[in-house]
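Accompanying notes for the structure given below.
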Amino acid sequence: MTSVQSLRLRLTAYVLGVVLVAFAVFFLYEALVVGRAFEREARRHGEALAAALAEALEGRTPAEAEALLPRLAAAAGVRIALEGAGGRPLAVFGAPSDEGALSFRRPVVLAGPAGAPVTLVVTEAAGRRDDLFSGPWGPGLLGGMVLLGLLSLFVYRVATEVTRPVTQVAEVARLISDEHYGVTVDVRGYGEIAELTAAINAMSRSLALQMKRIRDDEKRFGDILMNMTSGVVLLDARGRVVFVNRAAEGLLHLAHRPTVGRHHVEAFRHFELSELVERVLETKAAARRELQLYFPEERVLDAHLVPLFDDDGRLDALLLVVHDITDIRRLERIRSEFVMNASHELKTPVTSIQGFAETLLDGALESPEAARRFVEIIYNESERLKRLIQDILDLSRIEQRRLPLDFRPVRVKALVDDVLLTVQKEAEKKRIALSADVDPALQIESDYDRLKQIMLNLVVNAIQYTPEDGRAVVRAVDEGATVVLSVEDNGIGIPRRDLDRIFERFYRVDKARSRHSGGTGLGLSIVRHLVELLGGMIWVESTEGVGSTFFVRLPKVRDAEETPPPRDEGGGPRGDDGRRPPAAGGGTLRTDPDG
């Protein structure tokens, strides 16, 4: 039974109880007051009947009395008895007397020889009294019972109508407690019930709106946290993980094992990070530490741990924010190495220039042959210094995408022939055979000058690192959407340990040989950046002592979104083969092989 049904039954019971009490008071009043009136009326009637019978028997003979009294007793419905002296019964006529019947006595003198007096006893039967007592209000009792039944139905109906809005309000309240917001009570009424239902409906609509806002905010906040590039971890006051976003799972390698609900030592499995958490739990102060991770890959993380407090100032949670600073540290290392290498590379020609200049000042000018040789060395070193500075500037321009590009259809065969013609004399000095395997019809949409610089650097490298009587082959393979250009030689090759670093700035496999050849150590780095600028990729395959093959894959048709070309304000028209004549005073990057 629900609480509303119980209320309905209690309301009905209360009303019926009041009605029953009223009926009880009424019947008690009738029994006490009206019943006494009936009793007085019965006594008066009995006295009058006894007096009438005594008068009818007065002066009659006993024989006449015995003949008359049975008829009178039957007609009046009473019991008539004659008693002699001392209450001795002489004759009894009529039904026997009931317990509690009313008796009325009258002296009567009968006619006869002796004329002896007798007592007439008239006894009114109890049945007569009950009928007389119940007669007036017996039908009222039956009517009262019927009225009580009808009243009960009416009261139950009224109670149902009264409790129906309460029933619906209770149902709506239950639905709201079950997080079904927005439901309303559809009841039309007046007075307090109408005010109650209106208040419940307003509360339900307000809760629905507020919960929608809360859910939207939670979803928005959750999406922000889950899509942040920084790792976010929330821990409770006991050090157990409550929340981990996707970035934290990736940075701390937590995706492959359950973490939520676990202690930080078990979840993180990193001594320095757990030590940081324990320190913040103990000191309740924010802390920061740089963490080194070595498995499954080496990473450098910047961890910020902040304690969160409740309104009473008690520690409630810990917020851990992790940033991946691996690239920053790598770039700092590269910058440091670049500065160190650039300083070293600049120092070498400057030292040579300074040394030979001092030698000239010390008297070598007096010897024309020595002076000329020293001046030539100074000139060569200054040219090397110039090339180094120019390569650094060119590399900076390429990395900042400030290099103008002019994408046009380029005939690959013509470009390769142009490159081989440029390095022909240098190859002949070492008797290196140059050849090309390129389809004459193959075309690619690219920047002719930049592509030529790429191929020229690779071919010059092949010549420099190939012994005399060697070979170098340039190939081009059409792969449909892309074209793969390759430069293969049978030179000294590259050790496996150096393959991953061959495209770094100033990195040389054979440092002594590279400097002797006049290289700056930036050629392959420039090539890599140019290939990326043209939307392609470069890689190398090499076996030490056998030879090397450099591969360049470029899209056959330029993707404007991937490689937005800067505007070339100084460029001129090109020929049918895609070539552009150099502008006055330069305008193109210098081709410099990487030693």
May I ask you to compute the full-extension gain from Glu358 to Asp437, defined as 0.36 nm times their residue separation minus their alpha-carbon distance, rounded to one decimal in nm?
-> 23.2 nm
Ranked highest first by the average count of other Cβ atoms within 10 Å around their residues, in what order do 364-374, 455-465 fall?
-> 455-465, 364-374
Contour minus Cα-Cα distance for Gln292 and Val557 (0.36 nm per residue) = 91.1 nm
In Å², rounded to a whole number, the accessible area per residue of region 223-324 with probe 1.4 Å is 56 Å²
Under the 7 Å Cα-to-Cβ spin-label approximation, Glu544 and Ala199 lie apart by a distance in nanometres of 8.9 nm
Computed label-point distance, nm, for sites Ala111 and Glu399 using a 7 Å Cα→Cβ extension | 16.6 nm
Seen from all sides and averaged, what is the projected area of the convex hull of the Cα atoms in region 223-324, in nm²?
-> 6.2 nm²
Quick one: compute the contact order of region 223-324, relative version, from alpha carbon pairs under 8 angstrom and 6+ residues apart, as a percent.
-> 28 percent
Can you tell which of Ala255, Leu319, Gln292 lies farthest toward the positive end of the dipole of region 223-324, using +1 and -1 charges on the Cβ of basic and acidic side chains (Lys, Arg; Asp, Glu)?
-> Ala255
Extension gain, Asn380 back to Ala481 (0.36 nm per residue minus Cα-Cα distance, nm) | 31.9 nm
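The values are calculated or read from the model by the stated rules, or taken from the named source; none is laboratory data. All values derive from a computational prediction rather than experimental measurement. Don't worry about glycine lacking a Cβ; one is built from the backbone with ideal geometry, like all the others, and counts go over all protein chains shown. In case anyone asks, the SASA skips ligands and DNA or RNA and just uses the protein heavy atoms, side chains included. Shrake-Rupley method; radii C 1.70, N 1.55, O 1.52, S 1.80 Å.
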